[in-house]
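Colleague: Have a look at the structure that comes next, please.
The values are calculated or read from the model by the stated rules, or taken from the named source; none is laboratory data. Keep in mind the model is a prediction, meaning the values are calculated, not measured. Backbone-built Cβ (ideal geometry, glycine too); neighbour counts: all protein chains shown.
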Amino acid sequence: MIGETETILEVDQLITSFETERGLMRAVDQVSFPVQAGMTLGIVGESGCGKSVTAMSIIRLLPQPAGKILGGHVYFKGQDLVRASDSEIRKIRGGEIGVIFQEPMAALNPLHRVGRQVAEVFRIHKGLAKKDAWDAATEMLDLVRIPAPARRMMDYPHHLSGGMRQRVVIAMALACRPSLLIADEPTTALDVTVQAQILDLMEQIQSEMGMATILITHDLGVIAETCDEVVVMYAGRVVERASAVELFANPLHAYTRGLLASIPTLDTPSKSLLSTIPGTVASLADYSHGCRFCQRMGREKNVIRERPQFAEVSTGHWVETCPICYQP
Amino acid sequence: MLRATGAVRAVDGVSLEIAPGETLGLVGESGCGKSTLGKAIVRLIKPTEGRILFEGRDISHVSQRALQPLRRNFQMIFQDPAESLDPRMSVRAIIEEPFIIHGLGSRAERIQWVDDLLDRVGLPSSSAERYSFEFSGGQRQRIGIARALALKPKLMVCDEPVSALDVSVQSQILNLLVELQRDFGLSYLFIAHDLSVVKHVSDRVAVMYLGKVVEVASAESIYRDPRHAYTKALLSAIPSHDPTARRERILLEGDVPSPIDPPEGSAFGHRINHPRYAETIGLDLGLRQVAPGHQVAADPCCISDEDWGKIRQDELRGEGDS
């Protein structure tokens with residue numbers, strides 16, 4: 001990106017571990033990336049790569065008591081969220097940082113009217129009186145293009161379609177005009193045409209409000225459509241980071257290349273064999289310290305024994321420089 | 001298909017054919033009836049009206065008993081293989097079961113067949129003595145495919161077979177399905193919401209909207225030259241994989257309507273609030289041919305004036321002939 005940008009969030013050497021039957025697992029293993037104000041950063045990877053745990057670590061919503069941040073920093077506007085008190089983090093979460101999850105019903109209470117739930121955000125974070133909070137909530141539903149917002153305020157979540165529910169959740173996340181929105185697979189449960197509506201809505205609101213977004217998804221198409229910067233995660237580590245344009249044009253890590261090549265696009269010859277990545281993502285317990293993608297490819301554990309260095313190989317393009325997987 | 005409010009027509013007046021060795025892709029949004037149609041074809045659901053002909057024989061209303069020997073010809077694989085694999089059975093027992101039900105082979109032969117099937121779907125024979133929950137999603141899908149293949153079916157209904165899988169595993173399963181079709185001459189009805197995946201595996205594609213097929217054509221033709229407004233919107237919603245070429249999307253307002261209370265006329269015309277919607281009430285909105293092998297709903301709200309004019313002309317000519 002050319003021009004001056006301000007870093008709003010800086011994830012620095014973050015380590016998050018989970019207590020499991022097989023011992024302590026590092027689900028996030030020294031992950032670092034900056035998020036620029038007003039920009040969209042995508043985190044992409046397969047299930048279990050640690051993309052959601054990274055997001056949950058940022059806002060300290062890890063499952064308790066199993067999940068713990070063991071190291072690193074998350075600087076948000078200069079404050080280290082890892083060291084913030086519980087009450088401080090509660091104020092920031094849903095206030096300066098908005099959050100959207102894949103399944104809107106997880107964020108909505110089925111027993112309460114939509115209006116009450118959106119209004120509650122204004123009462124808690126802004127201390128608005130009941131009537132004012134209700135009016136502010138109605139305005140928010142209008143902002144997320146819900147038709148007849150005053151009437152929808154009286155609905156219960158089950159009255160709404162999946163797309164409408166996700167709009168309500170977005171309204172709640174944006175209520176306090178956050179400067180950062182974290183969206184974890186926000187459109188995965190939706191149909192393609194509804195996905196297009198929601199992505200479009202998020203883009204419009206983002207430019208209206210000037211907030212930054214961290215978008216977590218497994219869908220490279222969604223990344224290509226919406227993101228400025230991309231972080232590719234594999235087995236708890238960042239293997240590559242670059243601008244979206246650079247990453248799709250010039251992927252440098254074998255895993256990124258494998259991911260891009262394995263997806264059929266509209267231009268792929270019909271019924272041709274797609275390239276595949278052999279094996280599956282192993283359990284974190286089975287990984288050694290060295291290059292984890294080498295392990296997936298069945299290379300001997302002792303080939304790359306040292307953890308590959310994560311280095312900036314050209315301006316703004318970072319790669320884990322394993323001598324085998326880094327392919328310039 | 002019964003609810004407290006009465007019967008819902010989840011699939012309404014659909015006519016499709018699948019040739020031997022062909023893949024017919026079936027796309028549409030959730031609730032459009034594509035899975036119901038798939039289940040009806042393998043007779044997991046009995047259709048209320050209409051016929052399903054398998055090799056010329058009507059299977060839609062035969063009794064379960066008469067259906068039994070025919071069943072081996074059509075099999076189904078599902079989105080979440082975990083739900084169709086009994087966790088208390090070993091992988092061997094799961095794959096062997098169809099042989100036992102159909103009284104095929106000696107014990108020794110069945111052991112050999114299971115080993116062959118595992119090998120064919122790319123699983124080591126040591127998998128046979130393990131349980132399905134010990135496997136990853138992709139491996140479980142392979143087990144489901146092995147079981148479906150056991151009786152050498154002619155038609156396989158694949159209902160979202162890769163949508164629950166990670167992208168790198170998805171391509172492994174797609175390749176396996178393509179290879180099996182080539183080796184065994186299988187026909188597939190491939191149901192999916194991912195239009196890029198459907199394009200990749202299909203010879204022809206049918207697009208469903210609210211229980212009706214609104215367009216059918218060769219995969220090449222439907223993606224290059226979609227004729228129905230809904231197909232166009234669906235295709236434009238596919239995210240492009242090139243960040244420098246972000247496409248203009250046709251944004252649809254609203255959601256897929258409920259089949260409980262469908263609009264009287266054109267369902268899609270109703271959703272987009274088309275000025276000619278009123279004309280479509282009482283009109284036969286069935287499929288008409290607009291180009292060789294390319295059929296689209298005769299719906300003035302959803303097709304070009306040119307196609308509509310052509311359909312009208314063909315009809316007038318038909319009336320003149322009779």
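Colleague: Can you pull out the helices (runs of 4 or more DSSP H) entirely within segment A:158-253 that have at least 1 residues that are closer than 23 Å to A:Glu46 by Cβ and within 12 Å of the chain's Cα centre (by Cα)?
Modeller: In segment A:158-253, the matching helices (runs of 4 or more DSSP H) lie at A:220-226.
Colleague: Still on this structure: Please state which of the following conditions A:Ile97 fails to meet, knowing it meets all the rest: (1) under 14 Å from the mean Cα position of the chain (by Cα); (2) surrounded by 19 or more Cβ atoms within 10 Å (Cβ to Cβ); (3) at pLDDT below 95.
Modeller: Tallying (1) under 14 Å from the mean Cα position of the chain (by Cα); (2) surrounded by 19 or more Cβ atoms within 10 Å (Cβ to Cβ); (3) at pLDDT below 95, A:Ile97 fails exactly one: (3).
Colleague: Follow-up. Residues being crowded, with 21+ Cβ neighbours inside 10 Å, over 21 Å from the mean Cα position of the chain (by Cα) and among the small types (Gly, Ala, Ser): count how many of those fall in segment B:222-248.
Modeller: Number satisfying all stated conditions: 0.
Colleague: Out of the residues in segment A:315-327 that are over 15 Å from A:Cys291 (Cβ atoms) and in contact (Cβ under 8 Å) with a residue 40 or more places away in the chain, state the one that is surrounded by the fewest Cβ atoms within 10 Å (Cβ to Cβ).
Modeller: The initial filter retains those residues of segment A:315-327 that are over 15 Å from A:Cys291 (Cβ atoms), namely A:315-318.
From what's left, in contact (Cβ under 8 Å) with a residue 40 or more places away in the chain: A:316-318.
On the way: A:Gly316: 12, A:His317: 17, A:Trp318: 21.
Among residues in segment A:315-327 that are over 15 Å from A:Cys291 (Cβ atoms) and in contact (Cβ under 8 Å) with a residue 40 or more places away in the chain, the one surrounded by the fewest Cβ atoms within 10 Å (Cβ to Cβ) is A:Gly316.
Colleague: While we're here: I'm trying to understand the selection: among the residues of segment B:68-105, which are of a type in the set (Lys, Arg) and more than 26 Å from the chain's Cα centre (by Cα)?
Modeller: Scanning segment B:68-105 gives B:Arg88, B:Arg92.
Colleague: Can you name the residue in segment B:269-322 that is charged (D, E, K, R) and closer than 20 Å to B:Ser15 by Cα and is also surrounded by the fewest Cβ atoms within 10 Å (Cβ to Cβ) among such residues?
Modeller: Step by step, filter segment B:269-322, then rank; the result is B:Asp284.
Colleague: For segment B:196-219, check the following and say yes or no: at least one residue is crowded, with 21+ Cβ neighbours inside 10 Å, more than 24 Å from B:Gly33 (Cβ to Cβ) and modelled with pLDDT under 90.
Modeller: no
Colleague: Additional query: Which ones in segment A:36-68 are in a strand (DSSP E or B) and under 19 Å from A:Ala84 (Cα atoms)?
Modeller: Correct list: A:Gly67, A:Lys68.
Colleague: I want to confirm something. Restricting to segment A:292-304 and keeping residues that are surrounded by 12 or more Cβ atoms within 10 Å (Cβ to Cβ) and in a loop (DSSP other than H, G, I, E, B), which single residue is modelled with the highest pLDDT?
Modeller: Just the residues of segment A:292-304 that are surrounded by 12 or more Cβ atoms within 10 Å (Cβ to Cβ), to begin with: A:292-297, A:299, A:301, A:303-304.
Cutting the leftovers down to in a loop (DSSP other than H, G, I, E, B) gives us A:297, A:299, A:301, A:303-304.
Numbers: A:Met297: 83, A:Arg299: 79, A:Lys301: 59, A:Val303: 69, A:Ile304: 70.
Applying the filter and picking the extreme gives A:Met297.
Colleague: Picking from A:Thr226, A:Thr256, which residue would you name as being touching an Asp or Glu at 6+ places or on another chain (Cβ under 8 Å), polar (S, T, N, Q), at the interface with another protein chain (Cβ under 10 Å from one of its Cβ atoms) and more than 30 Å from B:Leu24 (Cβ to Cβ)?
Modeller: Just one listed residue meets the conditions, A:Thr226.
Each row is one residue, and each column tells you yes or no for (1) more than 11 Å from chain A (Cβ to nearest Cβ); (2) without any contact (Cβ under 8 Å) to a residue 40 or more places away in the chain.
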site: B:Asp242; (1), (2): no, yes
site: B:Arg246; (1), (2): no, yes
site: B:Ile250; (1), (2): no, yes
site: B:Glu253; (1), (2): no, yes
site: B:Ser258; (1), (2): no, no
site: B:Ile281; (1), (2): yes, yes
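Colleague: Can you tell me which residue among B:Gln170, B:Gln139 is closer than 23 Å to B:Glu83 by Cβ, buried (at least 19 other Cβ atoms within 10 Å of the Cβ), free of Cβ contacts under 8 Å to residues at least 24 places away in the same chain and not β-branched (Val, Ile, Thr)? Lay out the reasoning, then the answer.
Modeller: Numbers: B:Gln170 fails: free of Cβ contacts under 8 Å to residues at least 24 places away in the same chain.
Answer to the check: B:Gln139.
Colleague: List pairs: first in segment B:211-223 and within 11 Å of chain A (Cβ to nearest Cβ), second in a strand (DSSP E or B) and among the basic types (Lys, Arg), Cβ under 7 Å, 6+ apart or cross-chain?
Modeller: B:Ser218/B:Arg204; B:Ala219/B:Arg204
Colleague: Sticking with this structure for a sec: From the list B:Leu151, B:Leu117, exactly one residue is modelled with pLDDT of 90 or more, farther than 19 Å from A:Leu259 by Cβ, in contact with a helix residue (DSSP H, G or I) (Cβ under 6 Å, 6 or more places away or on another chain) and surrounded by fewer than 21 Cβ atoms within 10 Å (Cβ to Cβ). Which is it?
Modeller: B:Leu151
Colleague: Out of (1) assigned to a loop (DSSP other than H, G, I, E, B); (2) over 27 Å from B:Val197 (Cβ atoms), the odd one out for A:Glu312 is which?
Modeller: Result: A:Glu312 fails condition (1) only.
Colleague: Starting from residues that are within 12 Å of the chain's Cα centre (by Cα) and assigned to a loop (DSSP other than H, G, I, E, B), keep the ones in segment B:169-193 and report whichever is nearest to the other protein chains (Cβ to nearest Cβ).
Modeller: Looking at residues that are within 12 Å of the chain's Cα centre (by Cα) and assigned to a loop (DSSP other than H, G, I, E, B), I get B:His193.
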